[in-house]
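Enquirer: Input: one structure, supplied below.
Computed from the coordinates by the stated procedures, all read-outs in this text should not be read as laboratory data. The shown structure was predicted, so the numbers you read here are calculated from the model rather than taken from an experiment. Glycine gets a Cβ as well: all are built from the backbone with ideal geometry, and neighbour counts include every protein chain shown.
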Ligand code: ZN
């Protein structure tokens, strides 16, 4: 299948990562995209450059305050004169309603959920390029491709309408879904990343036209902790259009594929015109985050199960971190899809 890729991701090279009080180098590194690209080449997929769509696709998902913040953030941070090499907030307006601040430190706290989304000089440009990559894959599907793949970096599914978090800034999967919505009345998003797609869920939580389904490690003990529980089913007009399938840490192929069967049944019942797959590969048994134990053959079978839905499908890369098998698992998932399609 056609695979969309831009080298612009390299401008985003975050360093800081805080886990259980320990600071280390982040796992969301440019090298991830190199390994995913190697997997695409091994699978003989046709690599295509993204179309420059301008601000439209990201503005259909994210709010103007947030987009203005991302665009201005680095220059305002540098202008402080005594700030560090990456933008990381030290305060957030959590769970008590507050007012939008004027200064960059306050805006940073307002628009970031955690310490895992450091902003550097090239972050906004890379995130905008990833949004174009996602929209281009969606456009290929609108133009008649059975499926297309978007090699997005930074990833997107933890970003909500006006907040970054968990390595994510612009929600590429949501952007692809909104792009597909321009033609299709109903679109489904199936998130197979090991982490719950909390940003995607939040964006569409009250929407009846976009089904969000996520299979992930149980948030009782795993990021993003506060969202991703089975009782979160949508609200208002969107009630019933959100399905969470939390699984125990360490889940392997058989139980994962059983959950995927449930997810697929929900997608079929929704009868969407097109599908976005938020394709995290971090449920791998070899992923450094060690949340689940899905094998390479498991990823092939995940791809096949998705193909059997019979829908025009845009794959959008989410997580999946540095292991020897990252590109191999991508190739397996896409090959499984193509063999069953
Ligand atoms: Zn993840």
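Enquirer: When the residues of region 265-289 are narrowed to those that are over 17 Å from residue 194 (Cβ atoms) and within 19 Å of the chain's Cα centre (by Cα), which ends up farthest from the ligand (Cβ to nearest atom)?
Expert: That would be 274.
Enquirer: Looking at region 158-173, which of its residues are part of a loop (DSSP other than H, G, I, E, B) and within 11 Å of residue 134 (Cβ to Cβ)?
Expert: 170, 171
Enquirer: Something else: Just a yes or no: is a residue in region 68-90 under 18 Å from residue 130 (Cβ atoms), within 20 Å of the chain's Cα centre (by Cα) and surrounded by 15 or more Cβ atoms within 10 Å (Cβ to Cβ)?
Expert: Checking region 68-90: at least one residue is under 18 Å from residue 130 (Cβ atoms), within 20 Å of the chain's Cα centre (by Cα) and surrounded by 15 or more Cβ atoms within 10 Å (Cβ to Cβ).
Enquirer: Taking region 32-54 only, how many residues are more than 14 Å from residue 133 (Cβ to Cβ), touching a residue at least 40 places away in the same chain (Cβ under 8 Å) and loosely packed, with under 13 Cβ neighbours inside 10 Å?
Expert: Number of matching residues: 1.
Enquirer: Is there a residue being within 16 Å of the ligand (Cβ to nearest atom) and either touching a helix residue (DSSP H, G or I) at 6+ places or on another chain (Cβ under 8 Å) or not in a loop (DSSP other than H, G, I, E, B) (or both) anywhere in region 302-315?
Expert: yes
Enquirer: Pick out the one residue from 176, 150, 159 that is crowded, with 24+ Cβ neighbours inside 10 Å and farther than 20 Å from residue 313 by Cα.
Expert: 159
Enquirer: For region 178-201, enumerate the residues that are within 16 Å of the ligand (Cβ to nearest atom) and assigned to a helix (DSSP H, G or I).
Expert: Listed by number, the residues that qualify are 198, 199, 200, 201.
Enquirer: Which one of the conditions (1) away from the ligand (no atom under 16 Å from the Cβ); (2) under 14 Å from the mean Cα position of the chain (by Cα); (3) within 26 Å of residue 298 (Cβ to Cβ) does residue 211 fail to meet, given that it meets all the rest?
Expert: (2)
Enquirer: Is region 319-339 home to any residue that is touching a residue at least 12 places away in the same chain (Cβ under 8 Å), assigned to a helix (DSSP H, G or I), surrounded by fewer than 17 Cβ atoms within 10 Å (Cβ to Cβ) and more than 14 Å from the ligand (Cβ to nearest atom)?
Expert: Looking through region 319-339, at least one residue is touching a residue at least 12 places away in the same chain (Cβ under 8 Å), assigned to a helix (DSSP H, G or I), surrounded by fewer than 17 Cβ atoms within 10 Å (Cβ to Cβ) and more than 14 Å from the ligand (Cβ to nearest atom).
Enquirer: Based on this model, can you work out whether residue 221 counts as within 16 Å of the ligand (Cβ to nearest atom) and under 19 Å from residue 155 (Cβ atoms)?
Expert: Answer is no for this residue.
Enquirer: Name every residue in region 59-113 that is in contact (Cβ under 8 Å) with a residue 40 or more places away in the chain, in contact with a strand residue (DSSP E or B) (Cβ under 7 Å, 6 or more places away or on another chain) and either farther than 28 Å from residue 179 by Cα or part of a loop (DSSP other than H, G, I, E, B) (or both), in order of residue number.
Expert: The answer is 74, 77, 86, 88, 113.
Enquirer: (1) within 15 Å of the ligand (Cβ to nearest atom); (2) outside any helix (DSSP H, G or I); (3) without any contact (Cβ under 8 Å) to a residue 40 or more places away in the chain: which one isn't true of residue 299, the others all being true?
Expert: It fails just one condition, (2).
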